[in-house]
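This report concerns only the one structure given below.
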């Protein structure tokens, strides 16, 4: 099953979606190399479920997926994490929404391992999907009969429990959760998740499964989600850079208000000072932190309600967010395991310069640097010279890189690099057209190529190093509407670069156009 086909229909943005990702357990990318080196048998000596029983489950899921039957697919599960399962349902429905012909083939990657009361195994989903063939013009649909088949690859971590034997079939299995994981990452159970550039480590605590995910899901620089296997407890860890250096108390209060807006039944408590246990005894001078608990309404899966607990630390502009979530009953019954996980979190270096502490993770994860307003990215061979006199800042939020230049008059220029959509092996014109059209529709914009820029014209006709296009976007498509936005794109197999400029005053127009034209491959 490949819910991430939905990535073709647009990127996730905004605090609302970030909170949904955090609260659903869908969310955070990898940094350090990870290893699934858990013993085949659990601590209680029990053996994992057999591969044949798990393959029977995969056959049921593939059959339901091929029929486009979301209800049948979801009914195979007895979910440990109802919130994550609800979000999985939304992604599955989103996947089926375009009505594309699809066929799924799921298989085991490696051997099943025992983690606490569950068997955990990595699953690979290969989905053959029939897409419209590339059109002749950006934003223009292909001919109805022009199609092409592609294979999309997606990996997930699946947990299962034993089911009742049926006749002579013997052992059966029932899946309890499915969490996507990047194809190039591995989950872990018995080693600490450590990122020296992001200056922290956490994990290596018995019973917890660490699942790294892509940062475009988490809208952060990087992180990981921890699941206490066999319960509904989870802890999401993410890393942010906040140039305004907002106090942690204000951060958790803002998150609490945002969650209340999502669900009026959510009741935020009072923000209180908090530091990780590793630093509470001798707090570093520059380290601050806060915590906020939020009671969530009762529902069919949690008779006494659930709770979300935000924990935030700030070391200059470098912020770490730990979000614990689960039913109140699980929080009571497994408090010892939770406290052990939280106690494993610590900063690796508290004696470094605060500015350098914020720059290191950005450079490590994005590959880019800003010098005198010029953005250079060695990892992706991209360079853009920003307008002189404009304030330049690097931002994090899930993209491969993101930079903004702001004029004293309020004009803005954004440079963003988007990774290949999950499950796909490369960007193509069809995917880029669908993605751009979805983004414009979400923002109430109507965009079209400019007459002088062509439609995905070759960047370099001699060596085929990419294609580019320039569009103009207006609110509702109204000619002369203000503010008009200039959009320039660079399309490569591994990256979609978007330069998005908005002019607040005519005085900034020339500088903005010159900066957009400076985008180049190094």
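FYI, it's all coordinate maths here, none of it is from the lab. This one's a predicted model, so the numbers in the text were calculated from it and none came from an experiment. Here the Cβ positions follow ideal geometry from the backbone for every residue, glycine too, while neighbour counts run over all protein chains shown.
Would you please state which residues of the range 304-335 a label at residue 286 would reach in this model, taking the label point 7 Å out along Cα→Cβ and a backbone N cut-off of under 17 Å?
Counting backbone N atoms under 17 Å from the label point, the list is 313-320.
Where does each of 99-105, 115-121 land if you order them by average Cβ count within 10 Å, highest first?
Per-residue Cβ counts within 10 Å, averaged per peptide and sorted highest first, yield 115-121, 99-105.
Give the shape of the range 311-354 as rounded, prolate or oblate, defined through the alpha-carbon gyration tensor: a ≥ b ≥ c are the square roots of its eigenvalues, a/c under 1.5 means rounded, and otherwise the shape is prolate if a/b is larger than b/c and oblate if not. Before the final figure, lay out the partial values.
On the way: a/c = 6.25, a/b = 2.37, b/c = 2.64.
Since a/c reaches 1.5 but b/c is at least a/b, the shape of the range 311-354 is classed as oblate.
If we count other beta carbons within 10 Å of each Cβ, what is the order of 208, 274, fewest first? Mind dumping the intermediate values first?
Working: 208 25, 274 22.
Ranked by crowding around the Cβ, least crowded first: 274, 208.
Return, ordered by residue number, the residues of the range 356-373 whose backbone nitrogen is under 15 Å from a label point located 7 Å along Cα→Cβ of residue 383.
Residues passing the 15 Å test: 368-373.
Between residue 191 and residue 147, what's the calculated FRET efficiency when r is the beta-carbon distance and R0 is 60 Å? Round to 0.05.
Computed FRET efficiency for residue 191 and residue 147 comes out at 0.85.
According to the square roots a ≥ b ≥ c of the eigenvalues of the Cα gyration tensor, what is the shape class of the range 332-442, taking rounded for a/c under 1.5, prolate for a/b larger than b/c otherwise, and oblate for the remainder?
On the way: a/c = 2.20, a/b = 1.33, b/c = 1.65.
Because a/c hits 1.5 or more and a/b fails to exceed b/c, the range 332-442 counts as oblate.
Return 198, 352, 440 ranked ascending by Cβ neighbour count within 10 Å, so the fewest neighbours appear first.
Starting with the residue having the fewest Cβ neighbours, the order is 352, 440, 198.
Between residue 128 and residue 51, how many nm apart are label points set 7 Å from Cα along the C-beta direction?
Distance between label points: 2.3 nm.
Is the shape of the range 213-279 rounded, prolate or oblate, going by the alpha carbon gyration tensor and its root eigenvalues a ≥ b ≥ c, with a/c under 1.5 for rounded and a/b larger than b/c for prolate?
The shape class here is rounded.
With the crude spin-label approximation of a point 7 Å out along Cα→Cβ, what separation in nm comes out for residue 374 versus residue 493?
About 3.0 nm, to one decimal.
At a 10 Å Cβ-Cβ cut-off, how would you order 400, 286, fewest neighbours first?
Ascending number of Cβ neighbours within 10 Å: 286, 400.
Quick one: if you stick a label point 7 Å off each Cα along the C-beta vector at residue 298 and residue 355, how many nm between them?
It is 5.6 nm.
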